[in-house]
1. Restricting the first residue to segment 39-59 and requiring it to be in contact (Cβ under 8 Å) with a residue 60 or more places away in the chain, which pairs with a second residue that is acidic (Asp, Glu) and assigned to a strand (DSSP E or B) meet a Cβ separation below 9 Å and a spacing of at least six or different chains?
2. Picking from 121, 141, which residue would you name as being of a type outside the set (Phe, Trp, Tyr) and more than 18 Å from residue 73 (Cα to Cα)?
3. Residue by residue through segment 67-101, note down the ones that are surrounded by 13 or more Cβ atoms within 10 Å (Cβ to Cβ), among the acidic types (Asp, Glu) and outside any loop (DSSP other than H, G, I, E, B).
4. Can you tell me which residues in segment 142-165 are touching a helix residue (DSSP H, G or I) at 6+ places or on another chain (Cβ under 9 Å) and surrounded by fewer than 16 Cβ atoms within 10 Å (Cβ to Cβ)?
5. Can you tell me which residues in segment 133-187 are part of a helix (DSSP H, G or I) and either under 18 Å from the mean Cα position of the chain (by Cα) or β-branched (Val, Ile, Thr) (or both)?
6. Has segment 135-146 got at least one residue that is within 24 Å of residue 168 (Cα to Cα) and among the hydrophobic types (A, V, I, L, M, F, W, C)?
7. Tally the residues that are exposed (fewer than 14 other Cβ atoms within 10 Å of the Cβ) and either more than 18 Å from residue 155 (Cα to Cα) or β-branched (Val, Ile, Thr) (or both), restricting the search to segment 115-141.
8. Within segment 60-105, track down each residue that is more than 30 Å from residue 174 (Cα to Cα), without any contact (Cβ under 8 Å) to a residue 40 or more places away in the chain and among the β-branched types (Val, Ile, Thr).
Amino acid sequence: MTRRYLDIASTPGVIAAREANGGVRLRGAASGEADRFTPAEVQFIAERDSFYLATVSSSGWPYIQHRGGPKGFLKVLDDKTLAFADFRGNRQYLSIGNVTTDDKTALFLMDYANCLRLKILAHLEVKDLSDDLALAEKLVLPGYKAIAERVVLLHLEAYDWNCPQHITQRFTEEELSHALAPIRQRQEALESENRRLRDRLAAYEKRA
């Protein structure tokens, strides 16, 4: 866990629960400076085609939403900023409404195939598409059949690479296709060899 993430997450209640359950005493960050993405996080984020986003309503209830799109739709603008085009969904606007009273948000980015999980704490900012046309053009995905309604910016506070325990491996169709490619090639080679052998056998039987 990064020091900054731990500093934010370790509230008095969390510390008390940790001590009551025999957890390890952990030290948080020495300063309040926000984390910055490194090339490892940038590459990981670019390969994701979905993530989970959590906000909290003014009544105190958490809300978690799944966001999906083509791989790389969540873009890293710089080492402290993410952004994505908010595509039209069921039009309930729960997340957008929640951040009008509290802009703090949490993200889970999952790589099920490799049992990896990146957790992000950020401040969420909503902009109209017309507010920054250059940014909107960068985020709207040509050929993707969805209507972009706004731009969402995520200003990084902290992140953490989480423990891989208990993450069940799952594979996308694309991941399976890559993994099975050598098997398919071997199968095609064997089928081709079988056809040649059958043709040779048929020719031999005719001569006999």
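1. 44/111; 47/111; 48/111
2. Residue meeting the stated conditions: 121.
3. 86
4. Of everything in segment 142-165, just one residue is touching a helix residue (DSSP H, G or I) at 6+ places or on another chain (Cβ under 9 Å) and surrounded by fewer than 16 Cβ atoms within 10 Å (Cβ to Cβ), namely 161.
5. Hits for segment 133-187 are 139, 173, 174, 175, 183.
6. no
7. Looking only at that region, the number is 4.
8. Matches in segment 60-105: 100 only.
Every read-out reported here was derived from the displayed coordinates using simple, explicitly stated rules and does not represent laboratory data. Since we're looking at a predicted model, the values are computed, not measured. Because the Cβ atoms are built from the backbone with ideal geometry, glycine has one as well, and the counts that use them run over all protein chains shown.
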